[in-house]
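Heads up, the thing below is written out as structure tokens.
The values are calculated or read from the model by the stated rules, or taken from the named source; none is laboratory data. Bear in mind the structure is a predicted one, so any value in this text is a computation, not a measurement. Cβ placement follows ideal geometry from the backbone for every residue including glycine, while neighbour counts extend to all protein chains displayed. Note: areas computed on protein heavy atoms with side chains; ligands, DNA, RNA excluded. Shrake-Rupley method; radii C 1.70, N 1.55, O 1.52, S 1.80 Å.
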There are 2 protein chains.
Amino acid sequence: MLSTMQDGQLSLANLLKHGSRVHATSQVTTWTDQGPRRETYADLGRNAARLANALRSLGITGDQRVGTFMWNNAEHLAAYFAIPAMGAVLHTLNIRLFPEQLTFVANHAEDQVVLVDGSLVPLLAKQLPEMKTVRHVIVANGDPATLQAPSGVEVHSYDALLAAQPDTFDWPEVDERSAAAMCYTSGTTGDPKGVVYSHRSIWLHSMQVCMTDSMQLSPADKALVIVPMFHAMSWGMPYAAMMVGASLIMPDRFLQPKPLAQILASEKPTFAGAVPTIWQGLLQQLEAEPQDISHLREVVVGGSACPPALMHTFEERYGVPILHAWGMTETSPLGSVARPPAGATGEEAWQYRYTQGRFPASVRARLIDDDGNELPWDNESVGELEVAGPWIAGGYHGGADPEKFHDGWLRTGDVGKISPDGYLTLTDRAKDVIKSGGEWISSVDLENTVMSHPAVAEAAVIGVPDEKWDERPLVAVVVREGQSVTAEELREFLSDKVAKWQLPEHWTFIDEVPKTSVGKFDKKRLRAFHSQGKLDVTHF
Amino acid sequence: MLSTMQDGQLSLANLLKHGSRVHATSQVTTWTDQGPRRETYADLGRNAARLANALRSLGITGDQRVGTFMWNNAEHLAAYFAIPAMGAVLHTLNIRLFPEQLTFVANHAEDQVVLVDGSLVPLLAKQLPEMKTVRHVIVANGDPATLQAPSGVEVHSYDALLAAQPDTFDWPEVDERSAAAMCYTSGTTGDPKGVVYSHRSIWLHSMQVCMTDSMQLSPADKALVIVPMFHAMSWGMPYAAMMVGASLIMPDRFLQPKPLAQILASEKPTFAGAVPTIWQGLLQQLEAEPQDISHLREVVVGGSACPPALMHTFEERYGVPILHAWGMTETSPLGSVARPPAGATGEEAWQYRYTQGRFPASVRARLIDDDGNELPWDNESVGELEVAGPWIAGGYHGGADPEKFHDGWLRTGDVGKISPDGYLTLTDRAKDVIKSGGEWISSVDLENTVMSHPAVAEAAVIGVPDEKWDERPLVAVVVREGQSVTAEELREFLSDKVAKWQLPEHWTFIDEVPKTSVGKFDKKRLRAFHSQGKLDVTHF
């Protein structure tokens, strides 16, 4: 028996039509070197229509991919709506990818057109000759003449192109499960993998961002979108804002602590989202030049674990609660949000807030051990987290890495535990766990303990093969400038801090820990150095 | 190009599993003549599994319909989850239907089993012999021996039946567009019509109820569900509560002002929903016996227009904001919610709050005039409201009244205007508008004006055929006891209050206005009286 409900599709064309009409006066503010530049959601709707007409005039049809190589600004936002709403697929190119990765993703997605910010033209220009499917480049916020394009590629001015177009567009009906946008993960192993979001997944995710158990983004919010729009769709904030009419503040390329503090002072956002590093930088800026930031009702922190000290400082010194959340490109990204349960106060509430958060109803989760068994939610059993739901990836574009998906679940590669009331605590990436004699050693715990020694600047731990124990930890230490410490001293330092069987036998000293394009420890390269015999290792 | 998102279904089985696990300690409190009876969401999950096993044991398979004839209580809530989650279809029977309507809907839906509260057994028993498909009756909260069932119908005790069942159930996967629940509208014309909700529509509607631009139902809420569970799914509150873990307070049959005040005092709900009449009654009770009700963060009012005076009294005397909302059985029912836009304060905010509300992104709306043209949203043009969206009906069960649906839109039968920023103001039911010489006369406006005369108790206005003007208004007046007034005096009274061309020529005096089963003016019967010549009409 079928229901008698309407069979319409959840689509970004409907989202754009709704937001630009019902919330016509909501604002998009883009920061520039001359201060704020403002437009309304009604303007955004007209510009999205102009851009869609322009792309059609350049030959974009069907679900062809259109890349963006841009900061967070009003032009990028118009692309966020115009491209999916016209039936094409938005591909947000990560400006921080290594050059060969950037070429790979543009070719893999078969981008036909790339929109680029003037300030990023030099970065794109170097790779453009290798991008085999790109036929047009549209330069926004800058002079198109600065781009020397390879033959076969036409260069356009965003402003001139749009000025010639009508400000309405006959947005097509689409199947809600068709592709709307794609984003490649810059993992530490292999080529980047494409996650392809659907109209449906973006719609549902946007609703969740506005729900009481998640970000609570509301019509009254002015949201400062610091997370780049090329990182997991800016955590979904642009689409969610359009859904309820929250105003958006876009920092463009002004992401350093000092201009961020200026944006806060000028625009007084009520909400913001960024990785911990951004907030650490802002904190130092605020300590140097104090400023009231209590207009922020809340800020969301994700991307990597938020240090508790950061949460306490923001809340206790500046009156701004930090909301800890977990997600990944493959989860759209909202996976869990650390709002304490009703009634929890004081230290109990803090213990909940330190976790990666609670799963909303649309995200199902389970923990799987090494043998594929499901583990209980007892806040003790540790396993790999798997998730499922309508905005969770079920595969990668082109079928890459099929082993990450099975039986309708995504293997997140994250390792942790879940409490009986559904709060996730992550301890490691699965590939960073050291499997020693049937037990798991957390490399992250070991790293943090070694780094708590005053002479240590950085420490990275990898597993190395061991005949008896399968794997044992190897610690790579960067000594703080002007200090010195031996492996023996560090072992002694650890001896009363970790279990005896976890105490590492293998130590090496290096000049710096290799990093990925987003600044995370690149353990893949560290493992390669070790297997190539490039590390000078002390064994106990 | 299809997205790589997972293709899983939005289903009430997943909602039940989520809520009863992640929000295991959230409470369901049912009011009884001995005060509160409490259980947890974990208990609810176990009872839903027991009920599903019991229904399976009685032969319920596939998408067969299971009726409920119950108050708002924990047993009805278990049925709300068990029946759809097992793949069957919940049919909430309205205990206030006229007897022949009740028989009609049970037969039309082909209910196989009916769950009934002990206190409602006498009401059901009278109609049971006419319910041709019912094979089992399960009596909750009462003695099954009180029911003398016709032959071929087995009677069971809810408690005994569930006690024998396991507390887990292997919930099946379902297509999200399949039927989950049905509710018949008790319209004023023709037979009741069945609206069949899907798993998808209920899931999406539940998310909306928890969004910042709607009810904002949150994990910290204790929601008092006064709206009967047989009226448009209790406005979706039970399912939304399960989604975020809000606790539920169920008043069972204790809906009179005095016990409601007791429930408020005992349970201190933070949120509640009901029609204006309930709040009017509570207000009188509070004036007689004052009581602090400021624990209510907000109450939602819908079902019929909320008088502004009621909103002001609640907010100014008791500190409880009333949130005005519009919807109907066909809209699940959330159609629009009157939260003022960001920045509106004082009188401006009040003007927004008096409206029927703003459309959320998932509800599309348009106004259509008599000739089928779409009207602008200028807060002046008046037309019939049509709506579309994923929780809006696209038809009735069995294809009844197909003319209510066209091109993917529902004709609501409501007449009003929409502001440029998407706020709806309703003025009439379409069938109550009087079409006079190409202009529309609002019967509701006329009624309110006539009723403002001190000698008038009630007044109902219908359109009667007119050769020159197509239709003209006929006013049926009920004079207040102990008072007297003539048609001439009433015309004189109206003369400076309505436009000259609207002034009614046809007047009649009646003893009472006929009412529907839910207490609304039954203009269908009034029109019938007129066409049968039963009214004594004065013409000017």
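Rounded to the nearest percent, how much of the accessible area of chain A (1.4 Å probe, protein heavy atoms only) is carbon and sulfur? Ligands and nucleic acids excluded, carbon and sulfur give 49 percent. Distances between copies at residue B:159, taken between label points 7 Å from Cα along the C-beta direction, are 7.9 nm in increasing order.
For the stretch A:343-353, backbone phi angles converted through the Karplus equation (6.51, -1.76, 1.60; θ = phi - 60°) give residue-by-residue couplings of x, 6, 9, x, 4, 4, 4, 4, 4, 5, 6 Hz, Gly and Pro being listed as x.
Given the options B:137, B:127, B:113, identify the residue whose Cα lies farthest towards the positive end of the charge dipole of the stretch B:109-161 (+1 on Cβ of Lys, Arg; -1 on Cβ of Asp, Glu). Towards the positive end, the residue furthest out is B:127.
Mind checking Rg over Rh on the stretch A:332-431, alpha carbons, Kirkwood formula for Rh?
Radius of gyration relative to Kirkwood radius: 1.00.
Within the shell of other residues whose beta carbon sits under 14 angstrom from the beta carbon of residue A:256, the net charge comes to -1, with Lys and Arg scored +1 and Asp and Glu -1. Quarter the surface of the alpha carbon convex hull of chain B and you get the mean projected area, 27.7 square nanometres.
With label points set 7 Å from Cα along Cα→Cβ, the inter-copy distances at residue A:398 are 5.7 nm, sorted shortest first.
Each part gets one Cα centre, and for the stretch A:270-349 versus the stretch A:366-387 those centres are 28 Å apart. Against the main long axis of the alpha-carbon atoms of chain B, helix B:276-288 sits at an angle near 90°.
When chain A is turned onto chain B, its residue with the beta carbon nearest the axis, and that distance in whole angstrom, is A:207, 2. I'd like the distance separating the alpha-carbon centroids of the stretch B:31-98 and the stretch A:445-496, in whole Å. Answer, in whole Å: 59. Taking the chain by itself as reference, the stretch B:330-347 contains these residues with an accessible-area loss of 30 Å² or more in the full protein complex (1.4 Å probe, heavy atoms): B:342. Model label sites at residue A:369 and residue A:401, defined 7 Å from Cα along the beta-carbon direction, differ in position by 2.6 nm. Solvent exposure of residue A:50, expressed as accessible area, is near 60 Å², computed with a probe of 1.4 Å over the protein chains only.
In a DSSP loop and with at most 15 other Cβ atoms within 10 Å, the trypsin sites (Lys or Arg not before Pro) in the stretch A:411-489 are A:468, A:480. Ascending distances from the residue A:528 label point to its copies in the other chains, with the point 7 Å along the Cα-to-beta-carbon line: 8.5 nm.
A plus B alone minus the pair: what accessible area, both sides summed, probe 1.4 Å, in Å² to 100? Provide the component values of the computation, followed by the final result.
Working: alone 22880 and 22890 Å², together 40340 Å².
Protein heavy atoms only, the A-B interface buries about 5400 Å².
Among the GluC sites (Glu not before Pro) within the stretch B:372-423, those in coil by DSSP and having at most 15 neighbouring Cβ atoms inside 10 Å are B:380. Normalise the Debye intensity by I(0) for the stretch B:12-198, one equal point scatterer per Cα, no solvent, then take log10 at q = 0.09, 0.10, 0.14, 0.15 Å⁻¹ and round to two decimals. Summing over Cα pairs of the stretch B:12-198 leads to -0.30, -0.38, -0.75, -0.87. Residues whose amide H falls under 5 Å from that of residue A:405, counting only those 5 or more places apart or on a different chain, are A:411, with hydrogens built in the peptide plane. Which percent, nearest 5, of DSSP beta bridges in chain B are antiparallel? Counting DSSP beta bridges with both partners in chain B, the antiparallel share is about 60 percent.
May I ask you to derive the relative contact order of chain B, considering only C-alpha pairs under 8 Å and at least 6 residues apart, and to give it as an integer percent? Dividing the mean separation by the residue count of chain B yields 10 percent. With protein chains left intact and a 1.4 Å probe, residues in the protein assembly as shown average 37 Å² of accessible area per residue.
Measuring only protein heavy atoms, the 1.4 Å probe finds residue A:2 accessible over about 130 Å².
Relative to one another, the C-alpha centroids of the stretch A:140-169 and the stretch B:239-266 are positioned 60 Å apart.
Once amide H atoms are built 1.01 Å from N in the peptide plane, which residues 5 or more positions from residue B:155, or in another chain, come under 5 Å H to H? Correct list: B:137. Considering only Cα atoms, the convex hull volume of the stretch A:433-539 works out to 102 Å³ per residue.
Which residues of the stretch B:194-217 show a drop of at least 30 Å² in accessible area when all protein chains are present, compared with their chain alone (probe radius 1.4 Å, heavy atoms only, ligands and nucleic acids excluded)? With the partner chains in place, the stretch B:194-217 has these residues losing at least 30 Å²: B:196, B:200, B:203, B:204, B:207, B:210, B:211, B:212, B:213. Ranked from largest to smallest solvent-accessible area, with a 1.4 Å probe on the protein heavy atoms, B:17, A:193 come out as B:17, A:193.
For the stretch B:407-477, GluC sites (Glu not before Pro) meeting the loop criterion (DSSP other than H, G, I, E, B) and having at most 16 other Cβ atoms within 10 Å: B:467.
Summing +1 for each Lys or Arg and -1 for each Asp or Glu among the other residues whose beta-carbon sits under 14 angstrom from that of residue B:170 gives +1.
Mind ranking B:436, A:452 by accessible surface for me, highest first, 1.4 Å probe?
Sorted descending by solvent-accessible area, the residues read A:452, B:436.
Distant-in-sequence amide contacts of residue A:456, defined by a placed amide H-H separation under 5 Å and a gap of 5 or more residues or a different chain, comprise A:480. Contact residues in the stretch A:232-253 (at least 20 Å² less accessible area with all protein chains than alone, 1.4 Å probe): A:243, A:244. Legend: residue pairs A:17/B:404; B:17/B:520; A:17/A:126; B:126/B:524; A:258/A:515, Cα-Cα distance threshold 29 Å; pairs beyond threshold, B:17/B:520; A:17/A:126. Using a probe of 1.4 Å on the protein chains alone, the accessible area found for residue B:466 is around 40 Å².
Computed from the C-beta positions of residue B:297 and residue B:32 and an R0 of 22 Å, the FRET efficiency is 0.25 to the nearest 0.05. Seen from residue A:491, the other residues with C-beta closer than 14 Å to its C-beta sum to a net charge of -2, counting Lys and Arg as +1 and Asp and Glu as -1. Working value for the stretch B:403-459: equivalent-ellipsoid semi-axes of 27, 15, 11 Å, each the square root of 5 times a Cα gyration tensor eigenvalue, largest first.
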